[in-house]
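What follows is a set of notes on a single structure, which appears directly below.
Coordinate-derived values only; no laboratory data. Note that the structure is predicted; figures quoted are calculated from it, not measured. Counting neighbours? That spans all protein chains shown, and the Cβs are built from the backbone with ideal geometry, glycine included.
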Amino acid sequence: MQRSHNAIQLTELSPTDLAQLYAYPAELDQPWVRANFVSSIDGAATSGNLSEGLGTPADRTVFGLLRELSDVILVGAGTVRAENYGGARTDPRHRRTLHDQGIGGHPDGSPPPIAVVTAGAAIEPSARLFTDTEVPPLIITTTVAPHERKQRLADAGAEVIEAGGAAVTPEDLLRVLRERGLPRVLTEGGPHLFGELLAADAVDELCLTTAPLLVGGTARRISLSTHEFRTRMTRAHVVLGDDGTVLTRWARR
Ligand SMILES: NC(=O)c1ccc[n+]([C@@H]2O[C@H](COP(=O)([O-])OP(=O)(O)OC[C@H]3O[C@@H](n4cnc5c(N)ncnc54)[C@H](OP(=O)(O)O)[C@@H]3O)[C@@H](O)[C@H]2O)c1
């Protein structure tokens, strides 16, 4: 098979090469927002209502690496509820190595916290987000969310941050993360949060896995927003998995 000049076989990359391909820019003083999504060939963001239904070994490799590289994993509450998110499980030694290389990770090896955006704070305090995590999650919410809900999430171990009135704007979201010294942002969605961030021109890059699957049905796609926009992106790389998975990275122009 002919290989295009900028498509790389995943099997030809060492773990270090792969990490370098996904390095965050050095010495960030502003949040750098990287999104990571998986889609079927026919554009579905879910199979069986979950993104997990689209995952392949190659996707899981990059999904895990992007978590290892990040300071914080930003998700909408819809995704947390649908996928019963727990805390990120990362490798402390790998996190320290990535930090020493200046491309991500963490100096003491601790995992990135999950930061959940929610207007209503309707998240169960018994959810894995609170019970299955090494570090406290951040709940980024609003002043109008019921006080007792916020209190229950704080009692469950979360840091609860009121960052907006009725909703949290992308600007306020990024301010909260900047103030906490978490510039390497990895957003794992979902489509509503991603659409809002895109509409506000707040996304620096998209890592998109195309799983070698057609699924039909009525599944939604990876971004949804109230109005349409056209954001030009540049192709940064294409990595090919043996199983047909295509791993792409797109950067904002
Ligand atoms: N293919 C993939 O890679 C992928 C990735 C992620 C998710 N998914 C799938 O996507 C589905 C969930 O999608 P979704 O679009 O409903 O979820 P979402 O974007 O994760 O969550 C939407 C929710 O986030 C909160 N939110 C979003 N923007 C906000 C803002 N500006 N201010 C305050 N709160 C805000 C609201 O929570 P409240 O309702 O609590 O106020 C809103 O209902 C699931 O089926 C999941 O499996 C797929």
Using a/c under 1.5 as the rounded threshold, could you call the stretch 91-179 rounded, prolate or oblate? The axes a ≥ b ≥ c are square roots of the C-alpha gyration tensor eigenvalues, and prolate needs a/b larger than b/c, oblate otherwise. oblate
Could you give the nm distance between label points at Glu52 and Arg180, where each point is 7 Å from its Cα heading toward the beta carbon? 2.4 nm
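Kirkwood-based Rg over Rh for the chain (C-alpha set), two decimals? The partial results should precede the final answer.
Working: Rg = 17.8 Å, Rh = 18.7 Å.
My calculation of the ratio gives 0.95.
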Euclidean distance of C-alpha centroids, the stretch 132-152 and the stretch 1-66, integer Å: 30 Å
Zone of Arg128's modelled label, taken as backbone nitrogen in the stretch 13-51 under 19 Å from a point 7 Å along Cα→Cβ: 36-38, 46-51
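Around Glu179, under 14 Å between beta carbons, what's the net of Lys plus Arg minus Asp minus Glu among the other residues? Don't jump to the answer; show the numbers that get you there.
Values: positive: Arg175, Arg178, Arg180; negative: Asp29, Asp71, Glu159, Glu162, Glu171, Asp172.
Net local charge, Glu179 excluded: -3.
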Any residue on another chain or 5+ positions along whose placed amide H is under 5 Å from the amide H of Thr187 is listed here as Arg34, Ala35, Asn36, Leu74
Net dipole in debye of the stretch 47-247 [+1 Lys, Arg Cβ; -1 Asp, Glu Cβ; about Cα centre; nearest 20]: 160 debye
Can you list residues whose amide H is under 5 Å from His237's amide H, if they're 5+ apart or on another chain and H is modeled 1.01 Å from N? Arg249
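Give me Phe130, Phe63 sorted ascending by neighbouring Cβ count inside 10 Å, so fewest comes first.
Working: Phe130 21, Phe63 17.
Least to most surrounded, the residues fall as Phe63, Phe130.
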Where GluC sites (Glu not before Pro) in DSSP loops with at most 10 other Cβ within 10 Å are excluded, longest remaining stretch of the chain: 28-227
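Roughly how big is the stretch 62-154's charge dipole about its Cα centre, with Cβ charges of +1 (Lys, Arg) and -1 (Asp, Glu), in debye to the nearest 20? Please report the intermediate quantities before stating the final value.
Details: 10 positive and 10 negative charges, 34 e Å.
It comes to approximately 160 debye.
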Each residue of the stretch 115-126 in order: what ³J(HN,Hα) in whole Hz does its phi give by Karplus 6.51 cos²θ - 1.76 cosθ + 1.60, θ = phi - 60°, with x for Gly and Pro? 10, 9, 9, 8, 6, x, 6, 8, 10, 6, x, 8
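Would the stretch 1-80 count as rounded, prolate or oblate if I go by the C-alpha gyration tensor, calling it rounded below 1.5 in a/c and otherwise prolate when a/b exceeds b/c, oblate otherwise? Working shown, then result.
Numbers: a/c = 2.04, a/b = 1.05, b/c = 1.95.
It comes out oblate by the Cα gyration axes.
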If you rank Arg93, Arg232, Arg249 by fewest surrounding Cβ atoms within 10 Å, what's the result? Arg232, Arg93, Arg249
Based only on other Cβ atoms within 10 Å, what is the fewest-to-most ordering of Leu28, Leu66, Leu208, Leu74? Leu28, Leu208, Leu66, Leu74
